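Each value in this text was obtained by applying a stated rule to the coordinates, not by laboratory testing. Predicted model, so just to flag it, every value in this text is computed and none were measured.
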Amino acid sequence: MLPKYHLILGFLFSLILYSIFPFIYLSGFFIIFFSSFLIDVDHYIYYIFKKKDLNLKKAYKYFFEKRKKFISSTKFVNERPNPAMYFLHGVEVLLILFIFGIFISKYFLFIFIGFSFHLFLDILEQIYYGFKIAKISLVYDFIKLKN
């Protein structure tokens, strides 16, 4: 999903949660909102290592073009939309955040909520375009990349 949609939907989601659960306070609202799109920093880090370039605009263009090519090509239907491994996109990270939220600080639960919402949107987009579901498990992605 494009970053602008993650921003808009993440804001609306955070606002709805804040309206329903005002006890999360503004700090919870902002943490959920920012984590709902900043999870994609792993895409940028992937780009830096792959292209040896720090230019954020070029990274955006790289992923935008890659996404556009993939969506417009019928030969990629039933394939994974992005076979690279993004270290923040997996249930393992969600599990760690949830455990930290229970035992260390509630702020990790807010990050967990934002990350979960982001991954939910990514999965909806994959279903919409008919791709195989990706970004579920880091371990699974790692094994698939090795094969």
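Values computed for the structure shown
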read-out: Over region 10-59: Kirkwood hydrodynamic radius from C-alpha pairwise inverse distances, Å; value: 12.4
read-out: Quarter of the Cα convex hull surface for the chain, i.e. its orientation-mean projected area (nm²); value: 9.6
